[in-house]
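The values are calculated or read from the model by the stated rules, or taken from the named source; none is laboratory data. Model, not experiment: these values are computed from the prediction. Counting neighbours? That spans all protein chains shown, and the Cβs are built from the backbone with ideal geometry, glycine included. Just so you know, the surface numbers come from the protein's heavy atoms only, side chains and all, with ligands and any DNA or RNA stripped out. Shrake-Rupley method; radii C 1.70, N 1.55, O 1.52, S 1.80 Å.
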Amino acid sequence: MKKSQVVLVALVALSLWLAVAPVFAQQIQGLARASQRQVVTQTIGVTEVTIVYHRPLVNGRAIWGGLVPYDTIWRAGANENTTISFSDPVKIEGQDLAAGTYGLHTLPGKDEWQIIFSTNHTSWGSFSYDQAEDALRVTVTPQKAPFQEVLQYRFDHLTSDGGVIVLHWEELEVPFEIEVDTQSLSLAKIRRDLRSLPGFSWQGWNSAAAYCAQNNIDHEEALQWIDRALSMEENFANLRVKSQLLEQMGKTDEALELAEKSVELANEQQTNFLGYQFMGRGDVDKAIEIFAKNTRDHPESWNVWDSLGEAQVNKDMTAEAIANYKKALEIAPENQHARIQQILAGLESH
């Protein structure tokens with residue numbers, strides 16, 4: 001074969017290799033890995049936290065001080081960067097961290113670890129880690145734990161305002177605390193939403209004010225919201241929320257006046273709910289008054305007689321309670337008979 005032909009064959013072979021090389025690379029990337037990928041997401045309040053990592057196995061190896069050396073930056077997983085994302089600003093071990101995605105690295109030690117949040121989250125492992133890219137470092141204490149073959153991240157001790165993120169592998173757990181300001185974030189979301197479609201209905205303004213009443217916060221602004229709802233429609237729901245806000249602000253007389261007014265606008269279910277609210281607060285007399293009104297307005301409903309009887313039992317009005325439970329039994333559905341009969345048997349045995 002002539003030299004020119006050899007060169008031509010070589011060039012053809014090279015061009016074929018270059019054509020298929022991306023395919024081979026893609027196939028290699030698609031192969032199963034020993035350390036498999038895991039995504040764990042947790043919502044804390046209104047904040048979403050997501051950890052993406054690869055899960056190495058112990059596989060009989062010495063991990064701490066062995067496979068993972070002490071006092072050396074470790075990727076907190078396997079393969080690419082372990083990443084952690086926060087949809088809102090958070091506090092980690094009491095220190096502020098902005099919303100965003102971070103490369104999660106660690107500096108393991110025998111007695112303490114550093115958890116590192118790096119602004120670089122697209123690298124492979126910790127090989128190109130640069131301390132200058134740190135967004136935050138916190139120091140935590142590792143803890144002895146039951147054996148865990150496969151590296152795991154989990155969320156413990158969750159509340160609406162925080163929790164604990166735990167790295168667990170071999171016989172070690174490394175916890176670090178996360179906090180979110182759920183109330184402030186929720187209020188900010190409410191204010192945004194009220195400038196959109198929810199702001200065109202009384203229900204939107206009502207739910208905004210009700211959130212504040214439920215959490216006993218931001219009363220002045222909540223009063224403005226519920227007054228906006230009332231300007232659109234005066235109904236039981238709006239009056240009850242405003243009454244609750246006024247009561248929390250110590251304006252008891254105004255609160256009671258609105259509570260009384262709300263009863264006049266309430267349907268059977270709302271009236272019953274209101275009666276149980278008063279009974280739950282220990283005002284049984286007011287509860288009986290409300291339940292009695294419900295029996296006058298809805299005498300065909302077994303449930304109103306049942307509720308009135310329950311309130312009268314709490315007031316030691318046994319004879320009256322028996323009479324009302326018997327009325328309830330006469331019109332109640334069959335699936336309620338056994339319960340009501342059991343209550344009556346108990347009352348009549350005294």
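Give the residues of the stretch 245-263 that are on the phi < 0 side of the Ramachandran plot and either of a type in the set (D, E, K, R) or in a loop (DSSP other than H, G, I, E, B) (or both), sorted by residue number.
Of the stretch 245-263, the ones on the phi < 0 side of the Ramachandran plot are 245-249, 251-263.
Scanning the stretch 245-263 gives E247, M249, K251, D253, E254, E257, E260, K261.
Kindly indicate which of R281, R240 is within 30 Å of I226 (Cβ to Cβ), among the charged types (D, E, K, R) and open to solvent by 70 Å² or more (accessible area, probe 1.4 Å). Before the answer, list the steps.
On the way: R240 fails: open to solvent by 70 Å² or more (accessible area, probe 1.4 Å).
Within the list R281, R240, the selection yields R281.
Pairs under 7 Å by beta carbon, first residue among the aliphatic types (A, V, I, L, M) in the stretch 37-59, partner assigned to a loop (DSSP other than H, G, I, E, B) and open to solvent by less than 60 Å² (accessible area, probe 1.4 Å), six or more apart or different chains?
I44/V180
List every residue pair whose Cβ atoms lie under 7 Å apart, where the two residues are 6 or more positions apart in sequence or sit on different chains, the first residue falls within the stretch 61-84 and is under 23 Å from T119 (Cα atoms), and the second residue, located anywhere, is among the hydroxyl-bearing types (S, T, Y) and part of a loop (DSSP other than H, G, I, E, B).
Final answer for the pair search is I73/S126; I73/Y129; W74/S126; R75/S126; A78/S35; N79/S35; N81/T122; N81/S123.
List pairs: first residue in the stretch 117-130 and under 14 Å from A78 (Cα atoms), second residue part of a loop (DSSP other than H, G, I, E, B) and of a type in the set (K, R) anywhere in the structure, Cβ distance under 8 angstrom, at least six positions apart or on different chains.
G125/R75; S126/R75
Go through A229, A135, A210, A222 for me and flag whichever is small (G, A, S), open to solvent by less than 50 Å² (accessible area, probe 1.4 Å) and over 21 Å from E247 (Cβ atoms). Write out each step before concluding.
Values: A229 fails: over 21 Å from E247 (Cβ atoms); A210 fails: over 21 Å from E247 (Cβ atoms); A222 fails: over 21 Å from E247 (Cβ atoms).
The unique qualifying residue is A135.
Out of the residues in the stretch 78-103 that are in a loop (DSSP other than H, G, I, E, B) and on the phi > 0 side of the Ramachandran plot, state the one that is surrounded by the fewest Cβ atoms within 10 Å (Cβ to Cβ).
Step one: of the stretch 78-103, the residues in a loop (DSSP other than H, G, I, E, B) are 78-79, 81, 87-89, 93-94, 98-99.
Those still in the list that are on the phi > 0 side of the Ramachandran plot too: 79, 93-94.
On the way: N79: 17, E93: 16, G94: 8.
Among those that are in a loop (DSSP other than H, G, I, E, B) and on the phi > 0 side of the Ramachandran plot, it is G94.
Please find, among I322, I288, the residue that is of a type in the set (V, I, T) and over 39 Å from the mean Cα position of the chain (by Cα). It would help to see each step written out before you state the result.
Values: I288 fails: over 39 Å from the mean Cα position of the chain (by Cα).
Sole residue among the options that is of a type in the set (V, I, T) and over 39 Å from the mean Cα position of the chain (by Cα): I322.
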